[in-house]
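Have a look at the structure below, then the notes.
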Amino acid sequence: MIKVSRKTNETDIIVELNLYGMGNASIDTGVPFLDHMLDQVARHGLMDLTIKCDGDIQIDDHHSVEDIGITLGQAFAQAVGDKKGLIRYGHSYVPLDESLSRVVLDLSGRPSLNLNVSFTRAMIGTFDVDLISEFFQGFVNHSLVTLHIDNIKGINSHHQAETIFKAFGRALRVAITEDERQEGIPSTKGLL
């Protein structure tokens, strides 16, 4: 179990992460829609995840969402370590009714986000969909993951977002799988 804390003037966050768990989640970010999405990541990624955030949501959700992405990224980077013996790459397609998303990632050691989603509305309840890119940017910057997210089709913004987070969890699950034939670092460089 990896535990990472982040305390700023805007947020106070604790993340506990077990990459090889059972999909158990205890999420309390102060941002209910984000709680729902992170629960999807844990369940579909089969990782145990606890997140507690006290943030300045009286201003808006931006600082909390971005800083949770940062903190989760830091925890993930610690959990995968040198990546020795891991598959390294992961991908997943996930449908939900009319929506279909694809997530492809590489534990490359190089942070890169390519997010291709045209949400059909700007808000999901009280959640600003622009914050989804802030979450993933924070995650990739601190996990050092290359991440491609494509919503291939969708009409309902909630479905679009949910397929993205479910596919993200499943792609992580594949990438962190131990490969019994891979003894070293899965790179010709010998380092990721």
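The values are calculated or read from the model by the stated rules, or taken from the named source; none is laboratory data. Everything quoted here is computed from the prediction, not taken from an experiment. Neighbour counts are summed over all protein chains in view; Cβ atoms, including those assigned to glycine, are modelled from backbone coordinates with ideal geometry.
In this structure, is Gly23 closer than 18 Å to Glu162 by Cα, modelled with pLDDT of 95 or more and part of a loop (DSSP other than H, G, I, E, B)?
For Gly23, the condition - closer than 18 Å to Glu162 by Cα, modelled with pLDDT of 95 or more and part of a loop (DSSP other than H, G, I, E, B) - is met.
Run down Leu86, Leu113 and say which single residue is under 18 Å from Gly169 (Cα atoms), touching a Phe, Trp or Tyr at 6+ places or on another chain (Cβ under 8 Å) and of a type outside the set (D, E, K, R).
Working: Leu86 fails: touching a Phe, Trp or Tyr at 6+ places or on another chain (Cβ under 8 Å).
The match here is Leu113.
Say we look at the stretch 1-27 and pick out the residues that are surrounded by fewer than 16 Cβ atoms within 10 Å (Cβ to Cβ) and of a type in the set (Lys, Arg); which of these is farthest from the chain's Cα centre (by Cα)?
Per the stated criteria, the residue is Lys7.
How many residues, within the stretch 131-154, are in a helix (DSSP H, G or I), hydroxyl-bearing (Ser, Thr, Tyr) and touching a strand residue (DSSP E or B) at 6+ places or on another chain (Cβ under 9 Å)?
1
Looking at Ala167, Ala161, which is the one that is buried (at least 23 other Cβ atoms within 10 Å of the Cβ), touching a residue at least 24 places away in the same chain (Cβ under 8 Å) and in contact with a Lys or Arg (Cβ under 9 Å, 6 or more places away or on another chain)? Spell out the reasoning first.
Details: Ala161 fails: in contact with a Lys or Arg (Cβ under 9 Å, 6 or more places away or on another chain).
Sole residue among the options that is buried (at least 23 other Cβ atoms within 10 Å of the Cβ), touching a residue at least 24 places away in the same chain (Cβ under 8 Å) and in contact with a Lys or Arg (Cβ under 9 Å, 6 or more places away or on another chain): Ala167.
So how many residues does the stretch 37-76 have that are under 18 Å from Leu17 (Cβ atoms) and at pLDDT below 95?
0
Residues of the stretch 28-63 being buried (at least 22 other Cβ atoms within 10 Å of the Cβ) and within 12 Å of Ile14 (Cα to Cα), which ones?
Within the stretch 28-63, Thr29, Leu49, Ile51, Cys53, Gly55 meet the criteria.
Criterion first (closer than 19 Å to Leu72 by Cβ and out of contact with any Phe, Trp or Tyr (no Cβ under 6 Å at 6 or more places or on another chain)) does Val145 satisfy it?
Numbers: closer than 19 Å to Leu72 by Cβ: yes; out of contact with any Phe, Trp or Tyr (no Cβ under 6 Å at 6 or more places or on another chain): yes.
Criteria met by Val145.
Looking at Leu17, Leu38, can you tell me which residue is closer than 16 Å to Phe168 by Cα and assigned to a strand (DSSP E or B)? Working first, answer last.
Values: Leu38 fails: assigned to a strand (DSSP E or B).
None of the other options fit; the residue is Leu17.
Given the conditions (1) buried (at least 17 other Cβ atoms within 10 Å of the Cβ); (2) among the charged types (D, E, K, R); (3) closer than 19 Å to Val94 by Cβ, report the number of the one that Glu134 does not fulfil.
(3) is the only condition that Glu134 fails.
Given the conditions (1) outside any strand (DSSP E or B); (2) within 30 Å of Lys189 (Cβ to Cβ), which single one is not true for Asp60?
In the conditions (1) outside any strand (DSSP E or B); (2) within 30 Å of Lys189 (Cβ to Cβ), Asp60 misses (2) alone.
Consider Ala171 against the criteria (1) among the small types (Gly, Ala, Ser); (2) within 19 Å of Gln40 (Cβ to Cβ); (3) assigned to a loop (DSSP other than H, G, I, E, B): it satisfies all of them except one. Which criterion is unmet?
Among (1) among the small types (Gly, Ala, Ser); (2) within 19 Å of Gln40 (Cβ to Cβ); (3) assigned to a loop (DSSP other than H, G, I, E, B), the lone unmet condition for Ala171 is (3).
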